[in-house]
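What follows is a set of notes on a single structure, which appears directly below.
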Amino acid sequence: MTTPDGAVSGALARIAPSRTTAMTDRAIALRDEGRDIISLSVGEPDFATPAHVVAAAKAALDAGDTKYTAVGGTARLKAAAALHFARDLGLQVPVSQVTVSAGGKQAIFHALLATLNPGDEVLIPAPWWVSYPEIVRFAGAEVVALPTTAAGGFRITAEQLAAAITPRTRWLLLNSPGNPTGATYPAEELRALGAVLARHPRVLVMSDDIYAPLRYMPGTHATLAVECPDLAERVLTVSGVSKSHAMTGFRIGVAAGPAWLIKAMERLQSHSSGNPCSISQAAAVAAFEGPQDFLRDWCERFRVRRDACVAALNAIPGLSTPVPDGAFYCMVDATPLMDHFGPADDPNRDEALALHLLEHGVAVVSASGFGGRDGFRISFAADDARVAEAIARIAVALSPAVLAPLALATK
Ligand code: GLU
């Protein structure tokens, strides 16, 4: 199937398909063909959605809650989201400064599209979540990567930020705990970044805190709008129920920020999707207002899995991965093995590695999809035994016996 010349818009031509969803679709297609594929490609908790949330969705259907709602979400859900921001992030925000969208992704999409102009620059710490740069490019703005390293905890420094800001900088995108690295900014580092941002009033900040409830170290979550209240008028804090309440399919994201930006996002949403699904909104109210104690158990189970994954991956010769602070991903470096998958000057040779692992029954996402290189991301939000089996398959796929003929073939 070829796309006729000029058939897609210039904006669409600037962006690539999402690598996370593309690999997941591929794994599903192979499974449909009868292949045994373990998918560690998409970040979605394997736990069942809590029963009280499912009950609320059913009750909403039974009550005929099946019509349009306000574009930016029901008053009830906005209030429940404000409760979530206060309780879970320490962020006090009036309901008028909260909006609801079809997943956190849509909130980010609308915020960026509503504010970016051609020539604007957006600073994104790399490795980054796959959709950030593509949305920026779709909006016609420029991506400025702020590279981070495993040794530096995959976090940017205040000096790095200061050096990257130009008169064209419009946004800084922060994600803590981060996807794909799990890196989490402590309060004092946020305050240091905030001191730099205070000198640049044109710069808006996206604080994507969707993984905040899933952290595995002591202490409480720190977020920029709370640590630097003087910046709150230009910080958009994004959250949702997908990860914390295993509600990925419901598609509900929430955002809190300056009134003008919330209004701009809702203006765009009024022409894109309209209101988020009414049933999902009722379910999200139950998620935010209902019991949260199950999260302790989930976090503990994720922590145990994380530790098992990190140990098993680091035991495979040629692979290394640091311990993530939060979220449910491991960013794995495979540099010592990469000559088997292409020349060093090919920044996308890790795509060949991901396809090789897929041949051996495991779906992962290549690091280059995240603005990294020579490695891959796994999601450990899958059943313990399946994750262990997947890593055992990776060990076989990357063993000298399997790689040696591959090296001959590529020479
Ligand atoms: N955010 C998740 C991930 O990174 C879901 C897929 C997506 O939207 O990218 O796997």
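The condition of being in a helix (DSSP H, G or I) and touching a residue at least 40 places away in the same chain (Cβ under 8 Å) does not hold for A311. Listed conditions (1) open to solvent by 20 Å² or more (accessible area, probe 1.4 Å); (2) within 16 Å of the ligand (Cβ to nearest atom); (3) touching a residue at least 60 places away in the same chain (Cβ under 8 Å) are all met by E266, apart from (2).
Residue pairs whose Cβ atoms lie under 7 Å apart, separated by 6 or more positions or on different chains, with the first residue in the stretch 290-304 and part of a helix (DSSP H, G or I) and the second small (G, A, S), are L295/S244.
Among the residues of the stretch 25-63 satisfying the criterion of being open to solvent by less than 30 Å² (accessible area, probe 1.4 Å) and part of a loop (DSSP other than H, G, I, E, B), which is farthest from the ligand (Cβ to nearest atom)? In this case the residue turns out to be P50. Counting only residues that are touching a residue at least 40 places away in the same chain (Cβ under 8 Å) and assigned to a loop (DSSP other than H, G, I, E, B), the stretch 70-94 holds 8 of them. Considering the stretch 112-136, the residues that are within 16 Å of the ligand (Cβ to nearest atom) and aliphatic (A, V, I, L, M) include one that is nearest to G43 (Cα to Cα), namely V130. Within the stretch 207-220, the set of residues being within 16 Å of the ligand (Cβ to nearest atom) and within 13 Å of D325 (Cα to Cα) comprises Y211, A212, P213, L214. The set of residues from the stretch 95-114 being in contact (Cβ under 8 Å) with a residue 60 or more places away in the chain, open to solvent by 20 Å² or more (accessible area, probe 1.4 Å) and of a type outside the set (G, A, S) comprises Q97, K105, Q106, L113. Taking residues in the stretch 11-24 that are in a helix (DSSP H, G or I) and open to solvent by 30 Å² or more (accessible area, probe 1.4 Å), and partners anywhere that are away from the ligand (no atom under 11 Å from the Cβ) and among the polar types (S, T, N, Q), the pairs with Cβ atoms closer than 9 Å and at least 6 places apart or on different chains are R19/S366; R19/S368. Does the stretch 246-271 hold any residues that are more than 15 Å from V53 (Cα to Cα) and touching a helix residue (DSSP H, G or I) at 6+ places or on another chain (Cβ under 7 Å), and which are they? Once the filter is applied, which keeps residues that are more than 15 Å from V53 (Cα to Cα) and touching a helix residue (DSSP H, G or I) at 6+ places or on another chain (Cβ under 7 Å), the stretch 246-271 yields G253, V254, A255, A256, G257, P258, A259, L261, I262, M265, L268, Q269. Answer yes or no: is there a residue in the stretch 190-206 that is within 16 Å of the ligand (Cβ to nearest atom) and farther than 19 Å from R234 by Cα. For the stretch 190-206, residues within 16 Å of the ligand (Cβ to nearest atom) and farther than 19 Å from R234 by Cα: absent.
The values are calculated or read from the model by the stated rules, or taken from the named source; none is laboratory data. None of the values given here were measured: they were computed from a predicted structure. With ideal geometry, Cβ positions are generated from the backbone for all residues, glycine too; neighbour counts draw on all protein chains shown. Protein only, heavy atoms only, side chains kept; ligands, DNA and RNA dropped before computing areas. Shrake-Rupley method; radii C 1.70, N 1.55, O 1.52, S 1.80 Å.
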